[in-house]
Structures are given as C-alpha cells and as structure tokens.
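Below you'll find the structure, written out as structure tokens, and then a few comments.
The values are calculated or read from the model by the stated rules, or taken from the named source; none is laboratory data. Since this is a predicted model, take the numbers as computed values, not measurements. Backbone-built Cβ (ideal geometry, glycine too); neighbour counts: all protein chains shown. Surface accessibility is based on the protein's heavy atoms, side chains included, excluding ligands, DNA and RNA. Shrake-Rupley method; radii C 1.70, N 1.55, O 1.52, S 1.80 Å.
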Amino acid sequence: MSEVKIPAQIRREFGKGFARRARVAGQVPAVVYGHGGEPVHVTLPGHDMMMALKTPNVLLSLDIEGRTELVIPKAVQRDALKGFLVHVDLLVVAKGEKVTVEVPVQTQGELAPGGNLLEHILNTLTVEAEATHLPEAVVANIAGLSAGASVLAKDVVLPAGTTLAVDGDTVVLQVMGAQTEAPAEAEGTEA
C-alpha cells in the first residue's frame, strides 16, 4: 500500500460557523489523535481527501506545518444527501505498529449450478495488520458451493502478516437455495 501525501493546516477556530466556511472554501475539518498526544485540529483539502478515501484503509502522510504524521482514517462523516465530507477523525500510526481495521470481503468463483443464492452475512471482516501494510480487501472462495454451505472467517484467505480479529467460526457468507412459490391448489367445484 502506498502513502497518500496531503497537506494539512492547523485550525485555531472551532464551531459550526468555522466548519461551514471551511467546507465552502473546499476544506474539510479533521482531528488527528493517538499515541498519547494531544489531539490536533486541522483542515484538509476536500477534493484530495475525497479521492484518498476511495481506497479502503488508506495510509495518509499528513504534512502538518512542516511535521509529517502517518495516519489512517478512523471515522468519516459525510453529508447524508450530497455525500461530501463533513468531518474526518484520523488515527496516528507508526511503521511496524499493528492496528485493527475492517476490510471489505470480495468473492471469487461461481456457485454450483441450480439457482443458488449467495447471502453476505458480513460485508467487512475485522483484521489486525501492520499499519503500513493494510489489505484493501480479503477474498473468499465460493467456487462450487451449493445450498446450505457457509464460508467461515477462518476459511477466508488473508494476506501475509494479517490475522483475524474476530472468532474464526463467524459466518461470513452463506449459500441458500432459490425459493419457489408453491403452486396454488385448485379449488374444489361443487356439483
């Protein structure tokens, strides 16, 4: 995973009014915290952050007025209607440090023929990995599975250096048979 470099400016104003003015100017209010330090309130370029957040668990290199911090997004708030960024919480990480993150579950292969349906019980899987080598996704193999089969968390192939942070017997995917409607019974005719 590569680092995305983003410039940050320390903000000295707070509140709704400042946040609104910052968003109008194309900036996103954010807070950087972690490693026992005091939280640092910053503004970030809105477009750059939006593009960086398209990658799950992206590693960001913030340039905070001459000082560089490695961070990962911990919480992202978006406008419910328009989808623009409202606020971002960023967690400071160090190279070699293990962090717990949620990664998307992707499927590989085709189900057995016969009208089977795949149900995603979990769309993401919680894993622990080194902060500088976070996986973008994990892959579950569903090739040849038929109705009644399940894929457990321990069955999902994880990249090297990544471990599960959930119980291995947790159901991630489940295969169900297609349901058919019972034919309507003919009503008896009276003679």
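Leaving out ligands and nucleic acids, note down the accessible area per residue over the chain with a 1.4 angstrom probe, in whole Å². Could the numbers behind the result be given before it?
Working: 11390 Å² over 191 residues.
Here the per-residue accessible area is 60 Å².
So which trypsin sites (Lys or Arg not before Pro) in the stretch 56-90 pass both tests, a DSSP loop state and at most 16 other Cβ atoms within 10 Å of the Cβ? Mind showing how you got there, number by number?
Numbers: sites: Arg67, Lys74, Arg78, Lys82; in loops: Lys82.
Qualifying residues, ordered by number: Lys82.
Sort out the exposed loop GluC sites (Glu not before Pro) in the chain (DSSP loop, at most 15 other Cβ within 10 Å) and tell me the longest stretch that has none.
On the way: sites that count: Glu13, Glu65, Glu97, Glu110, Glu136, Glu181, Glu185, Glu187, Glu190.
Here the longest run is 14-64.
If R0 is 22 Å, what FRET efficiency do you get for Thr126 and Gln77 from their C-beta distance, rounded to 0.05?
So the FRET efficiency works out to roughly 0.60.
If you place +1 on the Cβ of every Lys and Arg and -1 on the Cβ of every Asp and Glu, how big does the dipole about the Cα centre of the chain come out, in debye to the nearest 20? Each step should come with its number before you reach the end.
Values: 15 positive and 23 negative charges, 288 e Å.
In debye, rounded to 20, the chain gives about 1380.
How much mean residue ellipticity at 222 nm does the chain get from its helices, if each DSSP H run of length 4 or more adds -39500 (n - 2.57) and you divide by all residues, to the nearest 500 deg cm²/dmol? Can you show the working numbers first?
On the way: 2 runs with 16 residues, N = 191.
Helices in the chain give a 222 nm mean residue ellipticity of -2000 deg cm²/dmol.
When the chain is treated as a GNM, springs tying every alpha-carbon pair under 10 Å, which of Ala22, Ala160, Ala131 comes out with the largest mean-square fluctuation?
So, out of Ala22, Ala160, Ala131, the one fluctuating most is Ala160.
Dividing the convex hull volume of the Cα atoms of the chain by its residue count, what figure in Å³ per residue is obtained?
About 196 Å³ per residue, rounded to a whole number.
Given a 1.4 angstrom probe, I'd like the percentage of the accessible area of the chain that is carbon and sulfur, rounded to a whole number. Spell out each step's value before the answer.
Values: 5840 of 11390 Å².
Roughly 51 percent, rounded to a whole number.
Using the structure shown, list the pairs from Lys5/Lys98; Lys16/Lys98; Lys95/Lys154 with a Cα-Cα distance above 25 Å, or answer none.
Working: Lys5/Lys98 21 Å; Lys16/Lys98 35 Å; Lys95/Lys154 27 Å.
In this structure, Lys16/Lys98; Lys95/Lys154 exceed 25 Å between Cα atoms.
Select from Asp89, Asp63, Asp167 the residue whose mean-square fluctuation is largest in a Gaussian network model of the chain (Cα-Cα springs shorter than 10 Å).
The residue with the greatest mean-square fluctuation here is Asp167.
Among His35, His87, His133, determine the one that fluctuates most according to a GNM of the chain built with springs between C-alpha atoms less than 10 Å apart.
His35
Any idea which of Phe14, Tyr33, Leu62 is furthest toward the positive side of the dipole for the stretch 1-131, if Lys and Arg beta-carbons carry +1 and Asp and Glu beta-carbons -1?
So the residue we want is Phe14.
Counting DSSP beta bridges in the chain, what percent are antiparallel, to the nearest 5? Mind showing how you got there, number by number?
Details: 39 of 53 bridges.
DSSP beta bridges in the chain are roughly 75 percent antiparallel.
Report the extension gain between Asp167 and Arg21 in nm, rounded to one decimal, defined as 0.36 nm multiplied by the number of residues separating them, less their alpha carbon distance.
Values: separation 146, 0.36 × 146 = 52.56 nm, distance 4.52 nm.
Contour length minus Cα-Cα distance gives 48.0 nm.
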